[in-house]
Amino acid sequence: MSKVGIIMGSTSDLPVMQEAVDILESFGIETEVDIVSAHRTPEKLFDYGKNAHTRGIQVIIAGAGGAAHLPGMIASLSPLPVIGVPIKSSNSIDGWDSVLSILQMPGGVPVATVALNGSKNAGILAAQIIGSADKNVLNKVLEYKEGLKEKVIEGAKNLKK
């Protein structure tokens, strides 16, 4: 079974990150959710980054606010694709500090970055990555996208009434 690791810096990030869990579950993708703080639990961060792939994790989604070092540090340690979710936190400068900290990675350490508080898109991107090699997941992504199209068509019809 496909598995996505979803990590965040603190429990206060969970309301934002829950959208990634929910969308992945709708695609039938198992998730492993944990708190891994880049600054408060660096040993745990190193262990997670170096060993996630040995536990069957295929993609890591890492959400972080403020200085937002978690996604980049995980990407520096892991051979897996990492998707960063910048989170507007209580100590954030309108979220821009988190966005730029995740977005501006040095060459050789890529982190795919989604919009501020955009964990739903991170989940969809993780499903698309897994779907490139798993036909069942690919079909669920195709169905989801067809559903998006149908919502727009229905909205347009309602607008004309």
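The values are calculated or read from the model by the stated rules, or taken from the named source; none is laboratory data. The structure displayed is predicted, hence computed values, not measured ones. Cβ atoms come from the backbone with ideal geometry, glycine included; neighbour counts cover every protein chain shown.
Given the condition without any contact (Cβ under 8 Å) to a residue 60 or more places away in the chain, surrounded by 18 or more Cβ atoms within 10 Å (Cβ to Cβ), in contact with a Leu (Cβ under 6 Å, 6 or more places away or on another chain) and assigned to a loop (DSSP other than H, G, I, E, B), answer yes or no: does some residue in the stretch 41-63 qualify? There is no residue in the stretch 41-63 that is without any contact (Cβ under 8 Å) to a residue 60 or more places away in the chain, surrounded by 18 or more Cβ atoms within 10 Å (Cβ to Cβ), in contact with a Leu (Cβ under 6 Å, 6 or more places away or on another chain) and assigned to a loop (DSSP other than H, G, I, E, B).
Every residue, every condition in (1) of a type in the set (Gly, Ala, Ser); (2) at negative phi; (3) modelled with pLDDT under 95, yes or no:
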{"site": "Asp22", "(1), (2), (3)": "no, yes, no"}
{"site": "Ala67", "(1), (2), (3)": "yes, yes, yes"}
{"site": "Gly72", "(1), (2), (3)": "yes, yes, no"}
{"site": "Leu77", "(1), (2), (3)": "no, yes, no"}
{"site": "Ile93", "(1), (2), (3)": "no, yes, yes"}
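The set of residues in the stretch 27-40 that are surrounded by 16 or more Cβ atoms within 10 Å (Cβ to Cβ) and farther than 14 Å from Gly63 by Cα comprises Phe27, Ile29, Thr31. With respect to the conditions (1) within 20 Å of Ile124 (Cβ to Cβ); (2) not in a strand (DSSP E or B), Ile93 lacks only one, and its number is (1).
Restricting attention to the stretch 79-91, the residues that are surrounded by fewer than 17 Cβ atoms within 10 Å (Cβ to Cβ) and modelled with pLDDT under 95 add up to 2.
Looking at the structure I just gave you, is Ser98 touching a Gly at 6+ places or on another chain (Cβ under 7 Å), part of a helix (DSSP H, G or I) and free of Cβ contacts under 8 Å to residues at least 40 places away in the same chain? Break it down stepwise before answering.
Working: touching a Gly at 6+ places or on another chain (Cβ under 7 Å): yes; part of a helix (DSSP H, G or I): yes; free of Cβ contacts under 8 Å to residues at least 40 places away in the same chain: yes.
For Ser98, the condition - touching a Gly at 6+ places or on another chain (Cβ under 7 Å), part of a helix (DSSP H, G or I) and free of Cβ contacts under 8 Å to residues at least 40 places away in the same chain - is met.
Conditions (1) surrounded by 11 or more Cβ atoms within 10 Å (Cβ to Cβ); (2) modelled with pLDDT under 95; (3) part of a helix (DSSP H, G or I), marked per residue:
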residue: Leu116; (1), (2), (3): yes, no, no
residue: Gly123; (1), (2), (3): yes, no, yes
residue: Ile130; (1), (2), (3): yes, no, yes
residue: Asn136; (1), (2), (3): yes, no, yes
residue: Gly147; (1), (2), (3): no, no, yes
residue: Lys157; (1), (2), (3): no, yes, yes
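Go through the stretch 1-40 residue by residue and tally those that are hydrophobic (A, V, I, L, M, F, W, C), touching a helix residue (DSSP H, G or I) at 6+ places or on another chain (Cβ under 7 Å), within 23 Å of Ala67 (Cβ to Cβ) and not in a strand (DSSP E or B). Working first, answer last.
First pass over the stretch 1-40, keeping only residues hydrophobic (A, V, I, L, M, F, W, C): 1, 4, 6-8, 14, 16-17, 20-21, 23-24, 27, 29, 33, 35-36, 38.
Still in the list and also touching a helix residue (DSSP H, G or I) at 6+ places or on another chain (Cβ under 7 Å): 4, 6-8, 16-17, 20, 23-24, 27, 29, 33, 35-36, 38.
Checking the rest, the ones that are also within 23 Å of Ala67 (Cβ to Cβ) come to 6-8, 16-17, 20, 33, 35-36, 38.
Remaining after also requiring not in a strand (DSSP E or B): 16-17, 20, 36, 38.
Selection size over the stretch 1-40: 5.
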